[in-house]
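Structure, as structure tokens:
The values are calculated or read from the model by the stated rules, or taken from the named source; none is laboratory data. It should be emphasised that the depicted structure is a prediction, and the values quoted were computed from it without experimental measurement. Cβ atoms come from the backbone with ideal geometry, glycine included; neighbour counts cover every protein chain shown.
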Amino acid sequence: MLCLHGITGTPFEVRPLAEALGRAGCSVEAPLLAGHGDTLRALAATHWEDWLASAEAALTALQARTGGGPAAICGFSMGGLLALRLARLYPERVAALVVMATPLRLRPFQVFGIRTVARLPLPFPSLPGACVPKLWGSDISDPELRHANPGLPAFPIAALTQLLDLMDTVRADLPAIHAPALVAHGRHDHTVPMEDSLELTGSLGSEVIERLWLDKSYHLLALDVERSILIDAVTKFLARQAGWSSASPGWAANGGE
């Protein structure tokens, strides 16, 4: 299982899910994506292709460690976009997808604002102060985890522009993606509209698409108050669709350790 975090985040965002899958006997990679876990300047200097390269390298390392068979990919937010892109580029390497709170589009006023500012004749990659602050911190209903999350405190304009470009690319990919998919979203997500996940489930080319709407959760599903429901749903989905068994011997026979 490859677990991918969101923009400005770290593997902390997917840690409960990754650890639960590891305890079940699954081999897990949860990489820190390019430009993340450092400074706003470092993130602003990267492109979405750099984030994708990090994810692809982790997938290659995971498959080398587990015998080369196909892997499942779980992506949160921007990590979900990367998971979908990998499934489009390498369908034979991806057994199943779990995409959580994945932004296919931002709200129109947000897109207009980002694109308008980005057109200004300024060197945004070298201006770490040119960013959108997270005024209320991470989008998690659990206040303890909201403050514990070590992600960056703002979104660099340069990174948001790259995110919009990645969204455009992935939206065009969707009809050609055929891996079984579980699409999860929190009903109280303040970051990514629920409509994005509805569009995702309606646009994927997959024959098998399962939906999980979490009634109490905000954006960071794997950290929020219904994370146990999410973990249970993901485990059962993988048992059905990725050819794995939730009993550790079966998982080990199909790519686990």
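For residue 231, which of the numbered conditions (1) part of a helix (DSSP H, G or I); (2) free of Cβ contacts under 8 Å to residues at least 60 places away in the same chain fails to hold?
The one condition residue 231 does not meet is (2).
Would you please name the residue that is surrounded by the most Cβ atoms within 10 Å (Cβ to Cβ), looking only at residues in segment 205-244 that are of a type in the set (Lys, Arg) and closer than 21 Å to residue 78 by Cβ?
Top of the filtered list is 227.
Inside segment 234-254, can you point out the residues that are assigned to a helix (DSSP H, G or I), modelled with pLDDT of 65 or more and farther than 16 Å from residue 13 by Cα?
Passing the criteria: 235, 236, 237, 238, 239, 240, 241.
Output yes when any residue across segment 62-84 is in contact (Cβ under 8 Å) with a residue 12 or more places away in the chain, assigned to a loop (DSSP other than H, G, I, E, B) and crowded, with 23+ Cβ neighbours inside 10 Å, and no when none is.
Yes, segment 62-84 has at least one match.
Would you say residue 156 is more than 18 Å from residue 211 (Cβ to Cβ), touching a Cys at 6+ places or on another chain (Cβ under 6 Å) and either surrounded by fewer than 16 Cβ atoms within 10 Å (Cβ to Cβ) or of a type outside the set (A, V, I, L, M, F, W, C) (or both)?
Yes; evaluated as a whole, the condition is true for this residue.
Among the listed residues 146, 171, identify the single one that is surrounded by 15 or more Cβ atoms within 10 Å (Cβ to Cβ), among the charged types (D, E, K, R) and in contact with a Gly (Cβ under 7 Å, 6 or more places away or on another chain).
Just a single option satisfies the conditions, and that option is 146.
If you go through segment 48-61, how many residues are out of contact with any Asp or Glu (no Cβ under 9 Å at 6 or more places or on another chain) and surrounded by fewer than 22 Cβ atoms within 10 Å (Cβ to Cβ)?
Here the count works out to 8.
Any residue in segment 182-191 that is surrounded by fewer than 20 Cβ atoms within 10 Å (Cβ to Cβ), among the hydroxyl-bearing types (Ser, Thr, Tyr) and under 16 Å from residue 224 (Cα atoms)?
yes
Could you tell me how many of the residues in segment 194-209 are among the hydrophobic types (A, V, I, L, M, F, W, C) and in contact (Cβ under 8 Å) with a residue 60 or more places away in the chain?
Within segment 194-209, residues that are among the hydrophobic types (A, V, I, L, M, F, W, C) and in contact (Cβ under 8 Å) with a residue 60 or more places away in the chain number 1.
Please list, ordered by first then second residue, the pairs with beta carbon atoms under 6 Å, 6 or more apart or interchain, first in segment 1-26 and part of a loop (DSSP other than H, G, I, E, B), second small (Gly, Ala, Ser) and buried (at least 24 other Cβ atoms within 10 Å of the Cβ).
1/72; 5/79; 6/77; 6/79
Tell me the residue from 88, 93, 119 that is more than 20 Å from residue 234 (Cα to Cα) and surrounded by 12 or more Cβ atoms within 10 Å (Cβ to Cβ), please.
The conditions single out 88.
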